[in-house]
Amino acid sequence: MAAFAHGFPFDPAYGHTREELLRVPAPAPPADFGAFWRSAYEAARQVDTAPEVGAPVEERDGVRIHEVSYLSVGGVRLGGFLALPTEGPAAHGFVIAHGYGGRDHAGPDVPLPLPRSAALLPAVRGMSSGSLIPGIPSDSAAHVLHGIASRDSYVIGECVADLWCAASALHELVPALGPLGLLGESFGGGLGALALPWDDRFAAAQLTVPTFGNHPLRLTLPCTGSGESVRAHHREHPEVTAVLRYFDAATAASLIRVPTLVAPALFDPAVPPPGQFAVYNALPPGSPEPHVLSAGHFEHAGTEKERRLLTEACARFFAEHLA
């Protein structure tokens, strides 16, 4: 087990060895899991995203970064950033989902995994200044509960649709792009796993410390992330388990059919590692081996080295599966 000195009132490794983590299963889907998500995807594909690109705000690492906005389901206009090559046409395209900190800049998601790439980096609804929506809380503890009483109103489903609409907007802005790559970390990793099975525009994906994996298990594990808010809500509203079954990233991962590189952590106070590994474990046979991190959501002496090695692994992965 990963061992770090910490001040948390619980064990962020949750007593699991790597071997035990590699055996954490995914929950079985509800009978209409596929029908629910295919209907949501079809609705998102009907949206005219009407993207609008602003003036460049930054240029670095071979791309020019613009503010961008686009329409998503429900007629909401969302913000984000568009990265375009500084020289020549884009040969590759990416949608890059953010964590529960939101997105007010392109940040460490640039440089992109491959040179000569374009990317849309959306801020999903309710998160960050460009995507604030009246009635949707912007802090993660409240955001993750918004609409949770019903699968049809739960904000997580709408956030997944925001990624699908981001792909539509990117293809409209850069029509020459072929199949896309999808990247997501933490909150964005969970959204990515939920989005991938239904959208054949994505040819490969990389998910880092993904959340929303194996909700029945997550509800038993204390944490410092949004899962703790869901745990507290569940104690007062146990019926919410029926809704969460439709938003389980591990359940969805069992239906992913494109190469997906998962980077789960052995120690993580915000997103319990058993849930992260459940996402990886659910992938079909022949999927890439996991890129295991010693810790997630936790700074330690080896953090920078691990980030660099993951960046290099991500570049190799997309060079093989997207180039």
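Among residues belonging to segment 216-255 that are surrounded by fewer than 23 Cβ atoms within 10 Å (Cβ to Cβ) and among the basic types (Lys, Arg), point out the one that is nearest to residue 8 (Cα to Cα).
Per the criteria, the residue is 231.
Could you pull out the residue among 128, 117, 140 that is touching a strand residue (DSSP E or B) at 6+ places or on another chain (Cβ under 9 Å), within 25 Å of residue 298 (Cα to Cα) and surrounded by 19 or more Cβ atoms within 10 Å (Cβ to Cβ)?
128
Of all residues being surrounded by fewer than 18 Cβ atoms within 10 Å (Cβ to Cβ) and of a type in the set (D, E, K, R) in segment 256-303, which is farthest from residue 323 (Cα to Cα)? Just the residue, please.
Checking each candidate, the answer is 299.
When the residues of segment 17-72 are narrowed to those that are farther than 25 Å from residue 95 by Cα and free of Cβ contacts under 8 Å to residues at least 24 places away in the same chain, which ends up surrounded by the most Cβ atoms within 10 Å (Cβ to Cβ)?
Here the residue is 20.
What pairs come up if the first residue lies in segment 199-213 and is touching a residue at least 60 places away in the same chain (Cβ under 8 Å) and more than 12 Å from residue 280 (Cα to Cα), the second is hydroxyl-bearing (Ser, Thr, Tyr) and surrounded by fewer than 24 Cβ atoms within 10 Å (Cβ to Cβ), and their beta carbons are under 8 Å apart, counting only those six or more places apart or on different chains?
These pairs meet every condition: 199/41.
Hand me the list of strands (runs of 3 or more DSSP E) wholly inside segment 1-98 holding 3 or more residues that are under 28 Å from residue 272 (Cβ atoms).
Result: 92-97.
Of everything in segment 4-16, what is in contact (Cβ under 8 Å) with a residue 24 or more places away in the chain and at negative phi? Give them in sequence order. Give the steps one after another, and end with the answer.
As a first pass, look at segment 4-16 and keep what is in contact (Cβ under 8 Å) with a residue 24 or more places away in the chain: 4, 6, 8-10, 12-14, 16.
If the condition is that a residue be in contact (Cβ under 8 Å) with a residue 24 or more places away in the chain and at negative phi, then 4, 6, 8, 9, 10, 12, 13, 16 are the ones that fit.
Which residue is farthest from residue 60 (Cα to Cα), if the candidates are limited to segment 118-138 and must be modelled with pLDDT of 95 or more and not in a loop (DSSP other than H, G, I, E, B)?
Only one residue fits best here, namely 131.
Is one or more of the residues making up segment 188-202 modelled with pLDDT of 95 or more, in contact with a Ser or Thr (Cβ under 7 Å, 6 or more places away or on another chain) and surrounded by fewer than 24 Cβ atoms within 10 Å (Cβ to Cβ)?
no
What helices (runs of 4 or more DSSP H) completely inside segment 179-247 contain at least 3 residues that are within 16 Å of the chain's Cα centre (by Cα) and hydrophobic (A, V, I, L, M, F, W, C)?
Result: 187-195.
Which condition number does residue 236 fail, the rest of (1) touching a strand residue (DSSP E or B) at 6+ places or on another chain (Cβ under 9 Å); (2) over 28 Å from residue 70 (Cα atoms) being met?
(1)
Looking at the structure I just gave you, is residue 115 not in a loop (DSSP other than H, G, I, E, B) and not acidic (Asp, Glu)?
So residue 115 fails the test.
The values are calculated or read from the model by the stated rules, or taken from the named source; none is laboratory data. Quick caveat, the model's predicted, so the values are computed rather than measured. When we count neighbours, we look across all protein chains shown, and the Cβ atoms used for this are built from the backbone with ideal geometry, even at glycine.
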